[in-house]
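The structure under discussion appears below in the form of structure tokens.
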Amino acid sequence: MVRSIAVDNPERAKTALAALTLERVSFTPAAFKTRLAGVQMLPVTTALSVEAIVETACELGFHAEEIRRGIVEFWIDEGAAFELFTLEARDAEPDWPLAA
């Protein structure tokens with residue numbers, strides 16, 4: 001699946017997400033696309049650990065924090081965030097929302 005998300009700095013967002021997942025996401029400049037009302041929260045799986053996600057996000061100048069066991073909220077900017085589901089989350093969540 002390919003998604004397109006309006007963000008302030010598409011190249012920076014693309015670099016960060018590529019470092020955290022293999023998900024293909026197209027980022028467009030926010031000025032060229034009307035943002036949806038509210039925050040866009042997108043679930044994505046990753047093979048990285050919680051610690052690796054937080055460390056990588058911080059190194060790239062983004063905010064990420066574990067919100068539930070094995071699930072990390074990774075903010076691109078004020079209007080878009082990803083819920084990164086680690087393998088630990090798959091084991092901890094009884095209603096795993098994503099395909100394995």
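Taking a sphere under 10 Å around the Cβ of residue 84 and counting the other residues whose Cβ falls inside, with K and R at +1 and D and E at -1, yields a net charge of -4. Solvent-accessible area of residue 76, probe 1.4 Å, all protein chains present, reported in Å² to the nearest ten, please. Rounded to the nearest 10, that gives 20 Å².
Model label sites at residue 68 and residue 56, defined 7 Å from Cα along the beta-carbon direction, differ in position by 2.2 nm. Summarising the amide proton neighbourhood of residue 45: residues at separation of 5 or more, or on other chains, whose placed amide H is nearer than 5 Å comprise 85.
3J(HN,Hα) along the stretch 77-91, derived from phi through the Karplus expression 6.51 cos²θ - 1.76 cosθ + 1.60 where θ = phi - 60°, amounts to 7, 5, x, 9, 9, 10, 9, 8, 9, 8, 4, 4, 5, 4, 6 Hz, with x in place of Gly and Pro.
The values are calculated or read from the model by the stated rules, or taken from the named source; none is laboratory data. Predicted model, so just to flag it, every value in this text is computed and none were measured. Cβ coordinates were reconstructed from backbone atoms using ideal geometry, including for glycine residues, and neighbour counts include every protein chain displayed. Keep in mind that these areas ignore ligands, DNA and RNA; they rest on the heavy atoms of the full protein, side chains included. Shrake-Rupley method; radii C 1.70, N 1.55, O 1.52, S 1.80 Å.
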